[in-house]
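Colleague: The structure that follows is given in the form of structure tokens.
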Amino acid sequence: DRLLTSLRERAKELNCLYAVEEILNLPDAKPADVCRGIVQVIPPGWQYSDLCRARIALDGEVFESDDFRATNWSQSADITLQDRRVGEISVFYIEEAPLEEDGPFLKEETRLVRTIADRLGHYLLYDRMKRHFEELDRARKHLGEPRRGDWRIVMQLLDRTDPSLFAKISHQM
């Protein structure tokens, strides 16, 4: 029975991790949408999923699972971006649960919340880099575009400063 229970818990944790990965891999998903999705898929991955609620605090925004309530029974992990803390994932039980290795939480759940925080940090780094490259690409395209009418300014200046050269270039055109 213990082995079967343990295997069920690992399966729930794996399903949670797979669901998080699916959310992180959605094309064109914005970080806020990703966070909203993650707080919804975390509770089913915990041992007492009916008592579990999740919260992500990121860059001043807070995303919470349905019927969220902060309690004393919690675990959390920092979300870091290039060695800088940018947020936190917290998992709460809204009622007291039996004691396990880490308060009411299994040691695997503690590891899982850290893994989710790490994956979210990597996603945020990728998202920021992607946006910076898109901005750089737009700037390069803008700088490389020929501007209409620029040649007229040069020709007018040439007409005023060197009329003979202006006549030669006009003749060639």
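Colleague: When you count, for each residue, the other Cβ atoms within 10 Å and take the mean per peptide, how do 78-85, 26-33 rank with the highest first?
Modeller: Numbers: 78-85: 13.5, 26-33: 11.1.
Averaged packing, sorted descending, gives the order 78-85, 26-33.
Colleague: Take the Cβ-Cβ distance between residue 50 and residue 127 as r, set R0 to 30 Å, and report the resulting FRET efficiency rounded to the nearest 0.05.
Modeller: So, using R0 = 30 Å, E works out to roughly 0.40.
Colleague: Please determine, in degrees from 0 to 90 and to the nearest 10, the orientation of helix 107-144 with respect to the longest principal axis defined by the Cα atoms of the chain, where the helix direction is its Cα long axis.
Modeller: Between the helix axis and the principal axis of the chain, the angle is about 10 degrees.
Colleague: Taking each pair of different alpha-carbon atoms in region 77-173 once, compute 1/r for the pair, average those values, and report the inverse of that mean as the Kirkwood hydrodynamic radius in Å to one decimal.
Modeller: Working: mean 1/r = 0.0515 Å⁻¹.
Evaluated over region 77-173, this radius sits at 19.4 Å.
Colleague: Right, something else. Could you check the simple spin-label distance between residue 101 and residue 115, using points 7 Å along Cα→Cβ, in nm with one decimal?
Modeller: Rounded to a tenth, the inter-label distance reads 1.2 nm.
Colleague: Below 8 Å between Cα atoms, with a sequence gap of 6+, how large is the relative contact order for region 24-119 in percent?
Modeller: Values: 150 pairs, mean separation 22.6, N = 96.
So the answer I get is 24 percent.
Colleague: Pick out, from 112, 136, 161, the residue whose Cα sits farthest towards the positive end of the charge dipole of region 55-173, with +1 on the Cβ of Lys and Arg and -1 on the Cβ of Asp and Glu.
Modeller: Of the options given, the answer is 161.
Colleague: When the chain is treated as a GNM, springs tying every alpha-carbon pair under 10 Å, which of 69, 114, 160 comes out with the largest mean-square fluctuation?
Modeller: Ranking 69, 114, 160 by mean-square fluctuation puts 160 first.
Colleague: Using a 10 angstrom cutoff on alpha carbons, build the Gaussian network for the chain and name the most mobile of 19, 77, 11.
Modeller: Judging by the Gaussian network model, the answer is 11.
Colleague: Also, quick follow-up: Per residue, how big is the convex hull around the C-alpha atoms of the chain? Give it to me in cubic angstrom, could you? Please report the intermediate quantities before stating the final value.
Modeller: Numbers: hull volume 28.6 nm³, N = 173.
In the chain, the Cα convex hull volume per residue is 166 Å³.
Colleague: Here is a further query. Across every pair of different alpha-carbon atoms, what Kirkwood hydrodynamic radius in Å does region 32-123 reach?
Modeller: Working: mean 1/r = 0.0765 Å⁻¹.
Every distinct Cα pair counted, the radius reaches 13.1 Å.
Colleague: Pop a pseudo-label 7 angstrom from the Cα along the beta-carbon direction at both residue 136 and residue 151 and give the gap in nm to one decimal.
Modeller: Distance between label points: 3.3 nm.
Colleague: Nearest 20 debye, what's the magnitude of the dipole of region 93-134 about its Cα centre given +1 on Lys and Arg Cβ and -1 on Asp and Glu Cβ? Please report the intermediate quantities before stating the final value.
Modeller: Working: 7 positive and 10 negative charges, 107 e Å.
Rounded to the nearest 20 debye, it is 520 debye.
Colleague: Return the calculated 222 nm mean residue ellipticity for the chain, to the nearest 500 deg cm²/dmol, obtained by summing -39500 (n - 2.57) across DSSP H runs with n ≥ 4 and dividing by the residue count. Working shown, then result.
Modeller: Values: 5 runs with 94 residues, N = 173.
Computed mean residue ellipticity for the chain: -18500 deg cm²/dmol.
Values in this text are rule-based calculations from the coordinates and carry no lab data. Just so you know, these numbers come straight off a predicted model, no measurement behind them. All Cβ positions, even for glycine, are placed from backbone atoms using ideal geometry, and neighbour counts span all protein chains on display.
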